[in-house]
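The values are calculated or read from the model by the stated rules, or taken from the named source; none is laboratory data. Computed from a prediction, not measured in an experiment: that's the story for all the values here. Cβ placement follows ideal geometry from the backbone for every residue including glycine, while neighbour counts extend to all protein chains displayed. These area figures cover heavy atoms from the full protein model, side chains too; ligands, DNA and RNA do not enter into them. Shrake-Rupley method; radii C 1.70, N 1.55, O 1.52, S 1.80 Å.
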Amino acid sequence: MELTVLNLSKHYKDKKAVDGVSLRLTEGINGLLGANGAGKTTLMRILCGILKPTAGSVALDGVDVFSEDYRAVLGYLPQDFGYYPDFTGLDFLLYLAALKGLSRPHAKRKSVELLELVGLADVGKKKIKTYSGGMRQRLGIAQALLNDPRLLIVDEPTAGLDPKERVRFRNLLADLGKDTIVLLSTHIVSDVEHIADHMLMMSEGHIILDEPWDKNRTDLEQLYLEEFGGEDE
Amino acid sequence: MKNFWTLFRYEMRKIWKRPLLWGLLALLSFFLANESKPFTPDYPPGTYILVEKDGSETTRSLSFLEVFRLKREAAHALDGQKMDESFFQALRETMSYPQMSAPDFHIDSYIFRGVPPIYITLWRYLELTPDAYYHNNGGVLAYLATKAEVPDYGDLTDEELEYWSEMEENVELPYTFYDTAGMLKFAQTIYYAELLLPLVVGVCLCVLFPRDRRERLDGVVFSAKHGRGRLGAVKLAAGAVSAVAVAAILFCSVLGTCLFFHGICLDAPIQLYRTSSFPITVGQELLLTFLALALYSLLSGGLVMLVSLVALDSIAGLAAALVPVLIDLFWSGSDAITPLRMFEGKMFQIDNLVKIGGHLFNYLQATLFVLSVGAVLFLVLCGLFWRQWTVSGR
């Protein structure tokens, strides 16, 4: 399984958010580090087919990013996402499961299973507006996993999680990465340092680092500071 | 179609589970019901002498609802009778002016003398024959009589007169009598429902497309397998069904009140209260009126959805709902066919015809055609914009 990104660019009037990015990602955790404004979110939205690139192409094993088949195996957790206030957590998952094409019995089984996984089983029938920020983030993680994605794109997934939840989520991602392409965008080094199989760094729309990563290495922070030391965090 | 109905239920829930919408509907339904009831209770609750048909008298205290029930029953006492010579003869024998103008004239005086309150509409015709009644209160002849009295009224060509005369050949004569006070009230009040409809539809549908974006869920939704093409179809279907539902709620508010206070006989020919040559009954007129109202609701809803989708702003969609209302209020000119004028009864009246390709079309056909085309056009445009916005990329 391979995600192929070729010469991807996204230009706005006066800014090149993504500029000539080419990547080949395979199963495992692919960490994407970059300062705010580096173009990470734009790149991820293009990889999810939400934004149309100015140039370039994205395909998963030859399946184009704008096809339904591509989205059928895609899980996406955006950096900043909302909720329907009058939906319960379970309703929210069932709705998105229907959108992802799951049958009703499968959707129900999967939703209950995921609520359990992210520690929301006891509040699944409560309205989302009563959830804390961390609980909403966990619900977001659950929705991204509904369709057992083969390509999981998560943008700043640990924002709002307490330290214990962050560790739990990192372990979950590491587990998923065994047979899934996981692209994890963050600007928190510790989120990816010990679980990433492949490291990407992005600056001003360009990929400036694209190499396999040894989980035992401990110099990611140093490397990050060298690359982004002068940039605004 | 996989998951279509599941998604449809969720979209309907998102549209309808809003206190603002239900509050507005409740308020307007109350307003319409209030407009549909009699303006003043001509027979207030109190003690009445009730005279049975056999002449026996009883004194009873009647509540508000009982008064209306008796009045409704009395009004329909003659329903179903052919308005032939014997009908008019019977009226002449049972009704008399002194009775009606007597100071103590109240509900019992007509219930029991077997003279229901048809005098309200028929007392002027006591001296009439069936033919004379038709001249005064019917189709083409009544139209021509009115035109003779008011020369500026109407201007039908010979071809149009022939068209209406031919249509009228299918109207059964003599008419069958039914009390039409309820239908008359309905025809007057449905006007308000039509006036308010776009605003309610606007509140109902302005959030349908912009909401996912407003809630910052568009990324999650659009990256889902069915979050684009199918979801667009689901949203359009939910919007269309909701628009028709709003029309049904307002329609039923008026009809329900008219049924309760006046009663409506579905078999009555519409000539009893309209100068019309359409060979249709009240029931058919109600169906056609609802069809037109539902199409108008679809048209307004389509416009609201389109504008809110293009602008991705619910306020813009709500503002678009004002367009049909403003057209109604400010489009001057006696020949202008605005939706409001259609619902004032123009659809069923004898009037000028539209000639297209050598064929003549009446206002009813033109109205249904224009509203259908408009509604379909807006819904198709919504689909195209949705496709442009989501499927082809943003």
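At full extension, A:K108 and A:D86 could sit 6.0 nm farther apart than now, given 0.36 nm per residue minus the alpha carbon distance. Adding -39500 (n - 2.57) for every DSSP H run of four residues or longer, then dividing by how many residues the protein assembly as shown holds, sets the calculated 222 nm ellipticity at -15500 deg cm²/dmol.
Dipole check for segment A:82-147: with +1 at the C-beta of Lys and Arg, -1 at the C-beta of Asp and Glu, and the Cα centre as origin, the magnitude is about 100 Debye.
Rg/Rh, computed from the Cα trace of segment A:28-142 with Rh as the Kirkwood radius, has the value 1.01. Nonpolar atom fraction for segment B:151-222, defined as the carbon and sulfur part of the 1.4 Å probe accessible area, stands at 49 percent. Probe of 1.4 angstrom, ligands and nucleic acids ignored: what's the accessible area per residue over chain A, in square angstrom? Averaged over the residues of chain A, the accessible area is 42 Å².
What shape does segment A:76-161 take by its C-alpha gyration tensor, where a ≥ b ≥ c are the square roots of the eigenvalues and a/c under 1.5 counts as rounded, a/b above b/c as prolate, and the rest as oblate? Judged from the Cα gyration tensor, segment A:76-161 comes out oblate (a/c at least 1.5, b/c at or above a/b). Applying 1/(1 + (r/R0)^6) with R0 = 60 Å to the Cβ-Cβ distance of B:E172 and B:R214 gives a FRET efficiency near 0.55. To the nearest 10 degrees, how steep is helix A:89-99 against the longest Cα principal axis of chain A, on a 0 to 90 scale? Helix A:89-99 sits at roughly 70 degrees to that axis. Here, segment B:213-260 has an Rg and a Dmax of 17.2, 52 Å when only alpha carbons are counted. Full extension of the chain between A:K125 and A:K164 yields a length gain of 11.7 nm, computed as 0.36 nm times the residue separation minus the alpha carbon distance. Estimated from the Cβ-Cβ distance and a Förster radius of 22 angstrom, the FRET efficiency linking A:S9 and A:N36 is about 0.60. Using a 1.4 angstrom probe on protein heavy atoms only, the contact between B and A buries about 3000 square angstrom of accessible area, both sides summed.
The modelled label-to-label distance between A:E204 and B:R9, using points 7 Å beyond Cα along the C-beta direction, is 5.4 nm.
Bridges between two residues of the protein assembly as shown, per DSSP, are antiparallel at a rate of about 60%.
A convex hull fitted to the Cα coordinates of the protein assembly as shown yields 207 cubic angstrom per residue. Kirkwood analysis of chain A, using all unique Cα-Cα pairs, places the hydrodynamic radius at 18.1 Å. Relative to the Cα centre, the charge distribution of the protein assembly as shown, modelled as +1 at Lys and Arg Cβ and -1 at Asp and Glu Cβ, gives a dipole magnitude of about 1980 debye.
The long axis of helix A:104-117 is offset from the longest Cα principal axis of chain A by roughly 70 degrees.
Anything over 20 Å Cα to Cα? Flag those among A:K126/B:K235; A:K16/A:K100; A:K125/A:K164; B:K2/B:K235; A:K126/B:K225; A:K127/B:K235, in the order listed. Cα-Cα > 20 Å for A:K126/B:K235; A:K16/A:K100; A:K125/A:K164; A:K126/B:K225; A:K127/B:K235; rest within. Potential lengthening of the chain between B:K355 and B:A132 amounts to 77.0 nm, from the contour at 0.36 nm per residue minus the alpha-carbon distance.
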